[in-house]
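> Next up is a structure, given as structure tokens.
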Amino acid sequence: MTQPFVLPHFYMPYPARLNPHLDEARAHSTVWAREMGMLEGSGVWEQSDLDAHDYGLLCAYTHPDCDGPALSLITDWYVWVFFFDDHFLEVFKRSQDRDGGKAYLDRLPLFMPLDLSTPVPAPQNPVEAGLADLWARTVPAMSVDWRRRFAVATEHLLNESMWELSNINEGRVSNPVEYIEMRRKVGGAPWSAGLVEYATAEVPASVAESRPLRVLMETFSDGVHLRNDLFSYQREVEDEGELSNGVLVLETFFGCSTQEAADTVNDILTSRLHQFEHTALTEVPAVALDKGLTPDQVAAVAAYTRGLQDWQSGGHEWHLRSSRYMNEGALEESRPFGVGGFGTSAANIGALLASAGAERLRAYTHVPYQKVGPSLLPDFYMPFGLTLSPHLDGARSRLVDWSHGMGILQEGVWDEDKLAAADLPLCAAGIHPDATADALDLSSAWLAWGTYGDDYYPLVFGHRRDLVAARLCTERLSACMPIEGDGFPVPVNGMERGLIDLWRRTTVGMTADQRRTFRAAVDVMTESWVWELSNQIQNRVPDPIDYLEMRRATFGADLTMSLCRIGHGRAVPPEVYRSGPVRSLENAAVDYACLINDVFSYQKEIEYEGEIHNGILVVQNFFGCDYPTALGIIHDLMTQRMQQFEHVAAHEFPVLYEDFKLTEEARATMDGYVAELRNWLAGILNWHREVPRYQSDHLAARSHGFLPDRSSPLPIG
């Protein structure tokens, strides 16, 4: 069969190494698979299939340093996960049996109890038998924290197969952002990262959920999955009718050829590996210092990081050899200049340096303050109507009084003109049209506080390149939100004064857990401002995926969603909000809103502020294209994210309601939440269209702005 495209030249700077216990793992996994019922008679695999796939070779490449028993156990896990994938395909995907697939998946978490003394059901098929055996053999060596994280990753891997099945049923190809998010769960690389911990060292719980460790895992995941998409396109798309493949997703999104889509997937893969390296070398050491890790804990993180690198290079070597994938001629292509032999797939030095050098250099060479002219505004797709609160005029005057009272108009960052140009009550009136006057005032003040902070950090700390002061400021802001009692610090600036006031007014009647969740949402936003500062100081245009995911944080998405949910009561179980469809709906809405802001603020940020955190600029930098072309890509992505929002609300929420057996009250609450998000989207677009803050004539009049007095020390609290 002719290959649908020529495999690109892969960026892979880490040489693959082979575990010496390969033969032991191969032999053990064959015996184990037969004992679990995965071979003859399973209707899925024969012995020849297992031999051809050679999961022992995969694990020996991806875990080169662990001992024989550990390698055999890890190989059994991979035999199990690939058998599950093929079993689910044969039994449920080909027949498109969604009900049967859900019942099958619902049983599997029962075989992963955190406490091994908890009894498990009798296995009914090879997948259940294998999971029960593997769980009992693996978790005694790991902490409860690891068990919980690995169980969640395993459940995501299993349950998100339903998303793939639903897309096959609907004949729907996902948009690129949706695909990347769901592929991390379906593809199982977060699950693989858990096994890397087992093989190397367990990550300390104090940093396991931090941004740097999360980014390491996510960039690792994206690298593994996008590489797999390139090798498996022929099997998945042409043979199996699979729609969840990154090459197909980009073919559909850009309307381009398969070869062009494959080359772009490889560019994204390279960018994600660069992001991995950047995070490992800059952010991981910083978080280790910040969290006070011991030398042993630092060594554990380093071993885990090295383990992820080994997986990337080893996984690539396996893909070059496995009969499961499209790799004809790829092994020879990876041995240029007559170099041959084991572990030399990264030997094309010329191509490697060209790829690494050009792409890395481009990320750091943006020239700030370029004249770009008025922001170009496309014809936005907005299917929802606008309604404004009748309390708008009163909220405007009261916000001026509040801002003066908090002191945010006296610090040299904002004055009354800037506050008026932002007109945050107009935004609040659109996103909360049914709010009472008091509730609208509170919403307006939160928007003003967040917008002020977003302006404050780059102006106060960015011009001074003072990352230390920014971190101290962020820590003090978190202290302004006590979980229990009124243990507030004495405020030293307008941001602290405003946050203390908002915290008091917002958290009245909240439980401690609700306060904790709400504070975490604010912390995510303020910590993301420090991330922006770090990039600004390095003059580094972010990786596209990292940018969009962090943009949700800088935009205050978690804060906004938390504010929306305050009035929902307890009718909706917390696990519903954590479900795939709800997160998908929220992320689609937030991305649309964030990109609205990037489109309107392009001139303000690029020409007047020297900013690098703008989606259009990120696309320009990544693709090497001009402003109108990048705007077109952003506009297409916005449209598809909005269409995804509509799709999830119309098709996935009714299924979600049935899956969770929600009460009528809970269903009404969730329907109301969808309506709130529709108002939120329409209100944000209207606000951007109406306020002077982003208009060219206003920017020209304020082009010189004003800076805080830096001759005397600034408060850094």
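> Based on alpha-carbon positions alone, could you give the equivalent ellipsoid semi-axes of the range 638-685 from the gyration tensor, as √(5λ), descending, whole Å?
Values: eigenvalues 99, 39, 4 Å².
Computed over the range 638-685, the values are 22, 14, 5 Å.
> For the pair residue 490 and residue 397, how long in nm is the line joining their label points, each one 7 Å along Cα→Cβ?
In this crude spin-label approximation the distance works out to 3.6 nm.
> Compute the whole-percent fraction of alpha carbon pairs in the range 504-557 spaced more than 18 Å apart.
44 percent
> Which loop trypsin sites (Lys or Arg not before Pro) in the range 576-649, with loop taken from DSSP, have no more than 12 other Cβ atoms within 10 angstrom of their Cβ?
Answer by residue number: 578.
> Taking loop as defined by DSSP and a crowding limit of 16 other beta carbons within 10 Å, which GluC sites (Glu not before Pro) in the range 230-305 fit?
Sites meeting the loop and neighbour criteria: 240.
> I'd like the distance between the alpha-carbon centres of the range 22-61 and the range 167-243, rounded to an integer number of Å.
Rounded to whole Å, the Cα centres lie 23 Å apart.
> Computing the accessible area with a 1.4 Å probe over protein heavy atoms, can you report the carbon and sulfur percentage for the chain?
Carbon and sulfur: 54 percent of the exposed surface of the chain.
> With θ set to phi - 60°, apply the Karplus curve 6.51 cos²θ - 1.76 cosθ + 1.60 along the range 305-320 and write out the HN-Hα couplings as whole Hz, x wherever there is a Gly or Pro.
Ordered by residue, 3J(HN,Hα) equals 4, 4, x, 5, 5, 4, 5, 4, 5, x, x, 5, 4, 5, 4, 5 Hz.
> Just how far, in whole angstrom, is the range 606-673 from the range 418-444 if you go by their alpha carbon centroids?
If you average the Cα positions of each part, the centres end up 23 Å apart.
> Which FRET efficiency, nearest 0.05, do residue 209 and residue 365 yield, Cβ-Cβ r, R0 51 Å?
The formula returns an efficiency of 0.90 here.
> Let me ask you something else. Rounded, prolate or oblate: which one fits the range 396-512, using the alpha carbon gyration tensor with axes a ≥ b ≥ c (rounded when a/c is under 1.5, else prolate when a/b beats b/c, else oblate)?
Details: a/c = 2.02, a/b = 1.13, b/c = 1.79.
Oblate, because a/c is 1.5 or more while a/b does not exceed b/c.
> Determine the distance separating the Cα centre of the range 83-152 from the Cα centre of the range 451-529; give it in Å without decimals.
So the separation of the two Cα centres works out to 42 Å.
> Then there's this: Using the alpha carbon gyration tensor of the chain, what are the three equivalent-ellipsoid semi-axes (square root of 5 times each eigenvalue), largest first, in whole Å?
Equivalent ellipsoid semi-axes, largest first: 44, 29, 26 Å.
> Any chance you could give the angle, 0 to 90 degrees and rounded to 10, that helix 512-538 forms with the longest Cα principal axis of the chain?
90 degrees
> What is the gain in length, in nm to one decimal, between residue 48 and residue 124 on full extension, counting 0.36 nm per residue of separation less the C-alpha to C-alpha distance?
24.9 nm
> Tell me the accessible surface of residue 396 in square angstrom (1.4 angstrom probe, heavy atoms of protein chains only), to the nearest ten.
Only protein atoms counted, so the area is about 80 Å².
> If you fit an axis through the alpha-carbon atoms of helix 580-600 and take the longest principal axis of the Cα set of the chain, what angle between them do you get, 0 to 90°, nearest 10?
Helix 580-600 sits at roughly 50 degrees to that axis.
> Could I ask something else about it? What nm value, rounded to one decimal, do you get for the distance between residue 381 and residue 463 when each label is placed 7 Å out toward the C-beta?
Taking the simple label geometry, residue 381 and residue 463 are separated by 4.2 nm.
> In addition: Given the -39500 (n - 2.57) contribution per DSSP H run of 4+ residues, what per-residue ellipticity at 222 nm results for the chain, rounded to the nearest 500 deg cm²/dmol? Each step should come with its number before you reach the end.
Values: 34 runs with 451 residues, N = 717.
It comes out at -20000 deg cm²/dmol, rounded to the nearest 500.
> If packing is taken as the mean number of other Cβ atoms within 10 Å per residue, what is the order of 645-655, 212-222, 53-63, highest first?
Ranked from most to least packed, the peptides come out as 53-63, 212-222, 645-655.
> Using only the Cα atoms of the range 603-690, build the gyration tensor, take square roots of its eigenvalues as a ≥ b ≥ c, and label the shape rounded, prolate or oblate: rounded if a/c is under 1.5, else prolate if a/b is larger than b/c, else oblate.
Prolate, because a/c is 1.5 or more and a/b exceeds b/c.
> At 1.4 Å probe size, what's the solvent-accessible area of residue 625? Round to the nearest 10 Å².
Estimated to the nearest 10 Å², residue 625 gives 30 Å².
> Whole number in Å², please: accessible area per residue of the range 524-680, 1.4 Å probe, ligands, DNA and RNA not counted.
33 Å²
> Under a Cβ-Cβ cut-off of 10 Å, what is the net charge of the residues other than residue 201 that fall near it, where Lys and Arg count +1 and Asp and Glu count -1?
-2
> Any idea what angle helix 176-187 forms with the longest principal axis of the chain, computed on alpha-carbon atoms, 0 to 90 degrees, nearest 10?
40 degrees
> Among 199-211, 38-50, how do they line up from the highest to the lowest mean number of other beta-carbon atoms within 10 Å?
In descending order of packing, they fall as 199-211, 38-50.
The values are calculated or read from the model by the stated rules, or taken from the named source; none is laboratory data. Quick caveat: nothing in here was measured; it's all calculated off a predicted structure. Neighbour counts run over all protein chains shown; Cβ positions are idealised from the backbone, glycine included. For accessibility, only protein heavy atoms count, side chains too; no ligands or nucleic acids. Shrake-Rupley method; radii C 1.70, N 1.55, O 1.52, S 1.80 Å.
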